[in-house]
Structure formats: structure tokens, C-alpha cells
Amino acid sequence: MSTPDSVDSQSLGRRDFLGSTLGMCAAAPLARLVLIQLAASRSGSLTKERRDSMSPAQVMDELKKGNERFRTGKMTPRDYLAEKRASAAGQYPAAVVLGCLDSRVPAEIIFDTGIGDAFVGRVAGNVVNDDMLGSMEFACAVSGAKIVLVLGHTACGAVKGAIDDVVLGNLTGLLARIKPAIPATKFDGEKSTKNGPYVDAVARTNVVLALGEIRRRSPILEDLEKKGSIQITGAMYDLSTGMVGFVS
Ligand SMILES: [Zn+2]
């Protein structure tokens with residue numbers, strides 16, 4: 001791929017995440033071209049203006065499009081050094097993701113986001129705790145992120161550990177945060193970690209319960225959601241298909 005092509009496709013890719021903002025303007029082709037060129041010359045990290053002009057629904061839409069690019073093998077070609085340079089003076093991420101520690105669920109990759117696009121907090125079983133709540137409050141109330149996304153996944157080892165009542169050092173306390181999802185899961189069939197669909201059903205419940213925990217334990221985030229400033233939502237990532245399915 002030639003250099004001009006690389007720059008062009010890169011800027012177009014960046015524009016994918018920011019596409020809604022451009023879409024809102026009735027931009028003539030020439031104006032769009034100028035915007036694209038500007039983005040390329042700045043090497044395109046998310047700016048405050050662009051982030052703030054997006055609604056929570058538009059950010060959600062961009063995350064869905066990013067996951068589609070990932071699972072169809074059409075990810076944005078990135079120049080991480082350019083993104084690093086563009087974001088060094090400030091960050092304006094559009095979303096905060098609470099994901100699992102699992103090495104197979106890197107939010108930045110499965111949503112095809114760049115440096116500076118999203119906050120990501122990861123802990124086994126994507127459990128809510130005070131520090132994660134504080135981080136999400138920072139992301140939204142201080143920094144201006146529009147989406148709180150709790151991201152569970154299939155075949156989650158932490159969920160299996162909770163179902164199997166694993167006892168191991170500090171892990172015991174972490175798994176206790178997942179356990180309420182077990183009795184709360186309605187499931188017909190074998191309720192054991194040998195049954196993948198059951199494990200995934202508990203993981204899904206764990207995500208749904210986390211959303212309630214966030215609203216209950218963080219009046220700040222609940223208030224931002226009621227005002228329409230943010231959207232609190234959950235999703236399950238399928239390790240096999242690469243698909244993110246939103247649960248709420
Ligand atoms: Zn997991």
C-alpha cells in the first residue's frame with residue numbers, strides 16, 4: 001500500500017469512529033474532504049469538540065460499527081505513534097468500558113478504537129467495586145465520557161469459578177461479587193460449569209446485575225443517565241464469533 005493510500009485509509013478509518021459528528025452536518029463533498037484532510041494532518045485522535053458533539057446513542061453506534069469492523073476483518077489501519085502524539089496533550093474518550101481480565105477480551109481491539117478513544121477498566125468477572133465506580137465517575141462526570149459499558153463474555157473463567165465455589169486467596173472475595181448472579185439466573189438444563197450455555201447465562205446475569213449495582217451505588221452516574229448525558233449499558237462478547245451482543 002502506498003503512503004498516500006495509507007494516510008487516506010487511516011483518516012477514513014478514524015472518521016468511522018467520529019462519523020456521526022460529520023453525518024450530523026449537511027456537509028458537501030468538498031467540505032467533507034477538507035475535514036478528512038484536517039484529521040489526517042492532525043493524525044486524528046478524538047477531540048473535545050467532536051466527542052462533546054456526539055450523543056450517547058451516536059457513541060453506541062460507533063462502538064457497534066467498530067465491533068463490526070473487527071469481526072469482519074476490516075479494522076482501521078492505525079498509526080499508534082501518530083495517535084500517541086495527537087493525544088499527548090489531552091484525552092477526550094467517548095466511553096468507559098468495565099471489562100473482564102480475560103486476555104481474549106481486549107475492549108480496544110474488539111471495538112476497533114484508537115489511543116484516546118475509550119477508558120477501559122478490567123477486573124476478573126467484570127465486577128463492580130468502589131474503585132471501578134470511582135473510575136467510571138471520573139470518566140463520565142469529570143472527563144465527559146458518554147457511555148458506561150459493562151462487557152461480559154462467553155466461557156468466563158471467573159464466572160465458572162463462582163459457580164464452582166472456588167476458594168483461593170483474594171480470589172475468593174472477588175468471586176463472591178459474582179455469586180448473586182447464580183441464583184438470579186433462570187436456566188433450564190444442567191447447571192454446571194460443564195454446560196457452556198449455563199455459564200454464559202450466568203455471565204449475562206452478572207452483567208445485568210452490574211448495571212443495577214452501578215445505578216444503585218453511584219448516584220452521580222444514575223443522575224447523569226437520567227439527564228440523558230450518559231447511557232449505562234451492558235453487553236456480552238462471544239469468544240468464538242467476535243460478536244458483541246448488547247443485553248440492555
Ligand atoms: Zn472473564
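Residues in the range 90-101 that are within 14 Å of the ligand (Cβ to nearest atom) and open to solvent by less than 10 Å² (accessible area, probe 1.4 Å): V97, L98, G99, C100.
Report, by residue number, each residue of the range 40-51 that is under 13 Å from P93 (Cβ atoms) and either at pLDDT 95 or above or open to solvent by 70 Å² or more (accessible area, probe 1.4 Å) (or both). It would help to see each step written out before you state the result.
From the range 40-51, those under 13 Å from P93 (Cβ atoms) are 45-48, 50-51; that's our starting set.
Selection gives K48 alone.
Within the range 231-248, restricting attention to residues that are in a loop (DSSP other than H, G, I, E, B) and closer than 13 Å to V150 by Cβ, the residue that is most open to solvent (accessible area, probe 1.4 Å) is S248. L168 meets each of the listed conditions (1) of a type in the set (A, V, I, L, M); (2) touching a residue at least 40 places away in the same chain (Cβ under 8 Å); (3) open to solvent by 20 Å² or more (accessible area, probe 1.4 Å) apart from (2). Only residues that are more than 14 Å from the ligand (Cβ to nearest atom), open to solvent by less than 20 Å² (accessible area, probe 1.4 Å) and of a type in the set (G, A, S) were counted across the range 121-142, and they come to 1. Residues being away from the ligand (no atom under 16 Å from the Cβ), farther than 30 Å from R78 by Cβ, in contact (Cβ under 8 Å) with a residue 60 or more places away in the chain and within 17 Å of the chain's Cα centre (by Cα) are represented in the range 202-217 by at least one member. Checking each residue in the range 178-201 for being away from the ligand (no atom under 13 Å from the Cβ) and either of a type in the set (D, E, K, R) or not in a loop (DSSP other than H, G, I, E, B) (or both) picks out K179, P180, K186, D188, E190, K191, K194, G196, P197, Y198, A201.
Comparison of A181, A145, A139 shows that the only residue that is within 22 Å of the chain's Cα centre (by Cα), of a type in the set (A, V, I, L, M, F, W, C) and closer than 18 Å to G212 by Cα is A181. Does V166 satisfy being within 25 Å of D223 (Cα to Cα) and either modelled with pLDDT of 95 or more or not charged (D, E, K, R) (or both)? Taking the combined requirement at face value, the residue does not satisfy it.
For the range 102-120, give me each residue that is surrounded by 18 or more Cβ atoms within 10 Å (Cβ to Cβ) and within 16 Å of the ligand (Cβ to nearest atom). Result: D102, V105, A107, I110, V120.
Among the residues of the range 143-165, those identified as away from the ligand (no atom under 16 Å from the Cβ) and among the small types (G, A, S) are S143, G144, A145.
Of the residues G212, G152, G161, only one is farther than 29 Å from D61 by Cα and of a type outside the set (D, E, K, R); which? The match here is G161.
The values are calculated or read from the model by the stated rules, or taken from the named source; none is laboratory data. Keep in mind that this is a model prediction, so the values were computed, not measured. Using ideal geometry, Cβ is built from the backbone for each residue, glycine included, and neighbour counts are taken over all protein chains shown. Side chains are part of the model used for accessible areas, which takes the heavy atoms of the whole protein and leaves out ligands, DNA and RNA. Shrake-Rupley method; radii C 1.70, N 1.55, O 1.52, S 1.80 Å.
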